[in-house]
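J.: Let me give you the structure first, and then I'll get to my questions.
The values are calculated or read from the model by the stated rules, or taken from the named source; none is laboratory data. Everything numeric here is computed off the predicted structure, so don't read it as measured data. In this analysis, Cβ positions are derived from the backbone assuming ideal geometry, glycine residues included, and neighbour counts consider all displayed protein chains.
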Amino acid sequence: MQDAATSGFSKLAARNKVDVLLQLLCDIEAGGGGGGGNANARELGFALSDELLDLTTGTAKVSFRMPYAMTLTSVRASVNTAPTGSTLIVDINEAGASILSTELSIDAGELTSTTAAAPPVISDANLADDALITMDIDQIGSTVAGKGLKVWLIGTKV
């Protein structure tokens, strides 16, 4: 059994982890070196929520400026708690306009968008350097909202 001080510390440690996840911006250079990969390949990852609380709908859950121009080849999302009752839907916008003609989704009961019945369709693959990118959560699970949402932009640096 935890005493009040230990319980408070645990909550603070969990909140600090959440704050770190909300600040997540990974830029991983893939395939450089002698492996024959594309040295300009990039993946940008973002946490749109913390790991502990139910997802909520809303606009601009993440907002940032592109650190360089990028041509998107795919987008994907994952959660650590699956939505149930309905599909989780995420939209990605450049300068206020959606870059997806079919939004990114995670089907009810699933943990990843890679298994979605309707895969995302990128309608604007060319993201400009310093463009304002926002990510919206348009729909959550109706029975269980889902938790721990991350979104990845995958492409090449221009």
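J.: Quickly run through segment 70-85 and pick out the residues that are surrounded by 15 or more Cβ atoms within 10 Å (Cβ to Cβ) and in a loop (DSSP other than H, G, I, E, B).
T.: Listed by number, the residues that qualify are V79, A82, P83.
J.: Filter segment 112-158 down to the residues that are of a type in the set (D, E) and under 14 Å from the mean Cα position of the chain (by Cα), then identify the one that is surrounded by the fewest Cβ atoms within 10 Å (Cβ to Cβ). I'd like the intermediate steps shown before the answer.
T.: Going through segment 112-158, the residues of a type in the set (D, E) turn out to be 124, 129-130, 136, 138.
If we keep only those that are under 14 Å from the mean Cα position of the chain (by Cα) as well, we get 136, 138.
Numbers: D136: 19, D138: 16.
Selected residue: D138.
J.: Name the single residue that is modelled with the lowest pLDDT among those in segment 131-158 being closer than 15 Å to L72 by Cα and not in a strand (DSSP E or B).
T.: Here the answer is V158.
J.: Quick one: which of S86, S123, S98 is free of Cβ contacts under 8 Å to residues at least 60 places away in the same chain, out of contact with any strand residue (DSSP E or B) (no Cβ under 6 Å at 6 or more places or on another chain) and not aromatic (F, W, Y)?
T.: Matching residue, one of S86, S123, S98: S86.
J.: Looking only at segment 86-110, filter to residues that are in a strand (DSSP E or B) and among the hydrophobic types (A, V, I, L, M, F, W, C); which one of those is surrounded by the fewest Cβ atoms within 10 Å (Cβ to Cβ)? Spell out how you get there, then give the answer.
T.: Going residue by residue through segment 86-110, those that are in a strand (DSSP E or B) are 88-94, 97-98, 100-102, 104-106.
Those still in the list that are among the hydrophobic types (A, V, I, L, M, F, W, C) too: 88-90, 92, 97, 100, 104, 106.
Working: L88: 27, I89: 20, V90: 25, I92: 24, A97: 8, L100: 18, L104: 24, I106: 26.
The qualifying residue surrounded by the fewest Cβ atoms within 10 Å (Cβ to Cβ) is A97.
J.: What's the total number of residues in segment 122-148 that are charged (D, E, K, R) and closer than 23 Å to A82 by Cα? I'd like the intermediate steps shown before the answer.
T.: First, pick out the residues of segment 122-148 that are charged (D, E, K, R): 124, 129-130, 136, 138, 147.
Filter once more, keeping what is closer than 23 Å to A82 by Cα: 136, 138, 147.
Number of matching residues: 3.
J.: Related question: Consider V90 carefully, then state whether it is aliphatic (A, V, I, L, M) and within 15 Å of the chain's Cα centre (by Cα). Explain how you work it out, then say what you get.
T.: Values: aliphatic (A, V, I, L, M): yes; within 15 Å of the chain's Cα centre (by Cα): yes.
So V90 passes the test.
J.: Of the residues L132, L104, which single one is in contact with a strand residue (DSSP E or B) (Cβ under 9 Å, 6 or more places away or on another chain), among the aliphatic types (A, V, I, L, M) and free of Cβ contacts under 8 Å to residues at least 60 places away in the same chain?
T.: Working: L132 fails: free of Cβ contacts under 8 Å to residues at least 60 places away in the same chain.
None of the other options fit; the residue is L104.
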